[in-house]
Amino acid sequence: MRFGASEPAGPPVGPADAFRTDAPDVRRGPTAVRLTLLSRAYCHLCDEMLQSLVPIAGDTPVDVIDVDAPEHAALEALFGDAVPVLFLGAPAQGNELCRYRLDAARVASALAAAVKIR
């Protein structure tokens with residue numbers, strides 16, 4: 001599983017940071033199934049969602065976007081404190097799966113359907 005960070009990886013500073021890496025993802029492409037988690041530092045709900053997501057996501061790459069980072073100002077303007085938010089694909093695609101708490105059944109169902117479509 002790949003957990004991408006929006007900034008260079010440093011030493012873990014919180015539970016969610018332990019999953020982040022800058023490792024390249026060899027499965028990139030138009031048919032790759034991805035999850036995107038909008039998060040922010042010091043957000044216990046964000047940390048909880050990421051930890052709960054790990055067993056459900058399996059080998060599906062999960063990109064973690066810190067909405068507080070300057071390069072994500074547009075996402076911060078859209079979502080503000082309404083994080084965590086989990087998307088199937090990129091946030092721009094608008095396929096929101098859950099917000100604040102992980103909906104495990106919905107995520108598993110969306111991943112199963114996305115894999116069948118590929």
**Study point:** Footprinting exposure proxy for Glu96, Glu48 (fewest neighbouring C-beta atoms within 10 Å first)
**Key:** Glu96, Glu48
Check your understanding: Label points 7 Å out from Cα along the Cβ direction at Ala77 and Ala105: separation in nm?
Key -> 3.8
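Only the coordinates and a few stated rules stand behind these numbers; no lab work does. Being a predicted model, the structure only gives us computed values, none of them experimental. Neighbour counts are summed over all protein chains in view; Cβ atoms, including those assigned to glycine, are modelled from backbone coordinates with ideal geometry.
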